[in-house]
Amino acid sequence: MTDRLGIVTSASLEQGVEVRLDSPISVEDMVVGRYVTIEGQKRRFFGMITDVSLGVIDERLKSSPPDIADPFIKDVLTGTSTFGTIHITPMLTIGGDAESILEGPQPVKTIPTHFSAVNLATESDMELVFGKEDKERFHIGNPLDMETRLCLNLEEFVKRSNGIFGKSGTGKTFLTRILLIGMLQKSKAVNLIFDMHSEYGWAGTHEGGPPVKGLKQLFADRVAVFTLDEESSRRRKVSTDFTVHIGYDEITPEDISILRSTLNLTELAVEAAYQLRKSLGKSWLRQVLELSDEEIESQLKEASIHESTYQSLKRGLGTIGRLGFVVPQAPEDTVKRILDYLARGINVVLEFGRYREISAYLLVANMLSRRIYARYQQQMEDAVAADNEAMKPRPLVITIEEAHKFLNPEVSGKTIFGTIAREMRKYNVSLLVIDQRPSGIDEEVLSQMGTKITCLLDNERDIDSVLAGVSGKSELKTVLARLAPKQQALIFGHAVPMPVAFQPREYGSAQSYKDFISAGQSSTAEQIEKDIKELWE
Amino acid sequence: MRTGDIYGIVGNAETTSLEPGRKPIARGKDEATEEAIYESSPQLAKLLRSEFTAVVAGHKDGDKVSHYLPPNPARIHAFVYVCDPEEVRKFSQSFGFLNILINTSLPVPADELIGAALRRMSQAHDDSRAFLVAAGKELAALLSGQYDRLKSILGRLQ
């Protein structure tokens, strides 16, 4: 076989498989992260190259190297006295008998025998593991150095909360856009995207190139753009579907409590907010912002809130009150509008426009999600009570950026996102978390994430926290640390049978848009066919 | 060389006097050329004898060449021939004989013998360099623990 790389010379389940390369194969062609198959006696193994090294048969070669000016000596010694070895971490195995072939690849529980042949994984091998593009699987990119299409089962993907990590500028946003399109086309889930930098809705920026199209431009009938900042949207010539306003009475002390560190409030001030809510009722925020200090004094005394605490709280709330989208009385119920759209299967992108400060993002994302989640919970419980599958709400995926602000250990217990991440899909709501500092995210939340996709990370703590609890962690670490700074990512977890380093598919050229749209059309055509069938049943 | 079905590689050669213990005397002090010595003393050709030793390196079994010792020794008075290039090429298709050469004990160092034999065989091949590289690789495998020896043989291959 032309693709043979070498033979297994030693192996252990824990430490992986050592392969001695055949002499014509150059170590320089072996890159970390590539896929190989090992033909064992009774089963095949799939694994990933996680290390490459050089070996010599005699230690003296190292101390007195031969005269390499002579190509003859070099030719003779290459592959005999000196040789390349690769280290493979086996990931999956498939048995030789018919039954296990039907069963598909299973996690690896044993190792190949001595001198089993090792080959580069072929396209059909990859297809066997990751599946072909179909109505559930979406082509997200190519495995490194391979032409094969890497497909992700999105129906499976949206069943859990997921994370996309990577340093700033490594292509997280592009990757997210691709995944959102995938979810939009291949899964039943709808997306609610809190779009901090207005990247997803209409158009996104592209480093060193013209702006790229957003979701709305590609799938106008399935995406609605909501905005907090109508002016900015108009300036960017974005046609928005709804302008979000938040009334004073929609803000609760819980929202304030997660903003504690961003608003620089003391614990006591947050406590005071709860007390004021209790004594002043739903309109507490309006009263705090509008009443003069004298008018509210009696209430403060009653709740035994200290003057300085109150002033600290008032200062913090003033910051919120000054946000343009926070109005005394909201003209329309935003949550209801969002839910209407979501129920119709239309994905909602909420643009923040000029409100890029983290306090606005935290406030809005948390507040809206909490109420949407409450509605989902209610609908789900109703459906369970009525034992009616059709009453269950559509699965919802909420996309949040800067996730470590919501999910750090300090506030993850308080924000709704902590709850969603932990309770997972019980109520058909899951998260897509985008973040550049995964080490800032609560370990418990991180451990509950189904699939993680990570671009290059170089901070040791970030890498550790992303890979926490993954088998073969140290091997994946070498792969992760060697990803290119752009457009390469490592995916592992629930939705993929084994970790794989890949290059996300192209996004931004006219052809790529066409491919994205056509991938959806075929599934719509199938959907129509299915609908017609169901109609006549 | 070949005798019957047995292939050998010449490992030593000497010319001595017919009578054991009697050493040839230096001649030709007044002659102009070496040939003239034999012309003036024609008896020399009868008094001196050349002998060579060959290391048995393999044998032919039907059409198959095996690189290990034959079941029977060469017969007395069997005729000995020099192998033609075609035979050499056939014999050196694989390198099993190298192991015999490495372990042989002769008056000449085995390393010299291997070097000379391979150099000569390479002339019978169209791509003599590829042949030498392949032979070198085989040697590298056989002499995996003896890097210095390998290095000295490789130095003699060109």
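Each value in this text was obtained by applying a stated rule to the coordinates, not by laboratory testing. This structure is a prediction, so every number in the text was calculated from the model and none was measured. Don't worry about glycine lacking a Cβ; one is built from the backbone with ideal geometry, like all the others, and counts go over all protein chains shown.
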Grab the other residues whose beta carbon is less than 12 angstrom from that of A:Leu476, score K and R as +1, D and E as -1, and report the net. +1
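Averaged over all directions, how much area does the convex hull of the C-alpha atoms of region A:372-494 cover when projected, in nm²?
Result: a mean projected hull area of 8.4 nm².
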Give me Rg over Rh for region B:57-114, both radii from the alpha carbons and Rh done the Kirkwood way, two decimal places. 0.97
Could you work out the helix-only [θ] at 222 nm for the protein assembly as shown, with each DSSP H run of four or more residues adding -39,500 (n - 2.57) and the total divided by the number of residues, to the nearest 500 deg cm²/dmol? -11500 deg cm²/dmol
Region B:8-158 - charge dipole about Cα centre, Lys and Arg +1 at Cβ, Asp and Glu -1, debye rounded to 20: 380
Here the percent of antiparallel bridges among DSSP beta bridges lying wholly in chain A, to the nearest 5, is 65
Which FRET efficiency value, to the nearest 0.05, is calculated for A:Glu156 and A:Thr266 with the Förster distance at 45 angstrom and r the Cβ-Cβ distance? 0.50
Against the longest alpha carbon principal axis of chain A, how many degrees, from 0 to 90 and to the nearest 10, is the axis of helix A:358-386 turned? 90
Positive-end extreme of charge dipole, chain A - chosen from A:Pro438, A:Val270, A:Leu21 (charges on Cβ): A:Val270
Rounded to the nearest 10 degrees, the helix A:334-343 long axis (Cα) sits at an angle to the longest Cα principal axis of chain A of 40
Tell me, what HN-Hα J-couplings in whole Hz come from the Karplus equation 6.51 cos²θ - 1.76 cosθ + 1.60 at θ = phi - 60° for each residue of region A:315-329, using x for Gly and Pro? 4, x, 5, x, 4, 5, x, 7, 5, x, 8, 8, 10, x, 9
Using the Karplus curve 6.51 cos²θ - 1.76 cosθ + 1.60 with θ = phi - 60°, what ³J(HN,Hα) values do you get for each residue of region A:237-242, in whole Hz, with x for Gly and Pro? 6, 9, 7, 9, 9, 6
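In whole angstrom, how long is each semi-axis of the equivalent ellipsoid of region A:349-424, when you take the square root of 5 times every eigenvalue of its Cα gyration tensor and sort them from largest down?
Semi-axes from the Cα gyration tensor: 27, 15, 9 Å.
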Quick shape summary for region A:42-125, equivalent ellipsoid via Cα gyration tensor, semi-axes whole Å in descending order, reads 38, 12, 11
Given a Förster distance of 51 angstrom, what is the FRET efficiency for A:Ser279 paired with A:Gln217, based on the Cβ-Cβ distance and rounded to 0.05? 0.55
Find the eigenvalues of the gyration tensor of the Cα atoms of region A:149-295, then list the square roots of 5 times those eigenvalues as equivalent ellipsoid semi-axes, largest first, in whole angstrom. 38, 20, 16
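Percent of Cα-Cα pairs more than 29 Å apart in chain B, please.
Distances greater than 29 Å cover 34 percent of the Cα pairs.
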Direction-averaged shadow area of the convex hull around the Cα atoms of region A:441-518, nm²? 6.3
Let me see the P(r) profile for region B:1-81: every Cα-Cα distance counted, bins of 10 Å, each bin given as a percent of all pairs. 15, 33, 23, 18, 10, 1
tail above 45 Å in the computed P(r) of chain A, as % of all Cα-Cα pairs, reads 26
For region A:280-416, take N as its residue count and report Rg(C-alpha) divided by 2.2 N^0.38 Å. 1.30
Amide H neighbours of B:Tyr7 under 5 Å, at least 5 residues apart or on other chains, H built in the peptide plane: list them. B:Ala57, B:Gly58, B:His59, B:Lys60
Please state, rounded to one decimal and in Å, the Kirkwood hydrodynamic radius that region A:60-172 gives when every pair of distinct Cα atoms enters the mean of 1/r. 18.8
Once the in-chain neighbours fewer than 8 apart are removed, the lysines whose Cα is under 18 Å from A:Lys426 read A:Lys159, A:Lys188, A:Lys392
If you bin every alpha carbon distance in region A:214-363 into 10 Å steps from zero, what whole percent lands in each bin? 11, 35, 29, 17, 7, 1
For region B:81-129, what log10 I(q)/I(0) values come out of the Debye formula at q = 0.14, 0.17, 0.19 1/Å, with one point per alpha carbon and no solvent? -0.36, -0.53, -0.66
Can you compute the modelled spin-label distance between A:Arg337 and A:Glu59, with each label point 7 Å from Cα toward Cβ, in nm? 7.6
Extension gain (nm, one decimal) between A:Leu535 and A:Gln106, 0.36 nm per residue minus Cα-Cα: 150.6 nm
Calculated from backbone phi, Karplus (6.51, -1.76, 1.60) coupling profile of region A:225-235 in Hz, x at Gly/Pro: 9, 9, 9, 8, 10, 4, 4, 5, 5, 5, 4
Label-point gap, in nm, between A:Glu294 and B:Ser40 - each point 7 angstrom along Cα→Cβ: 15.0
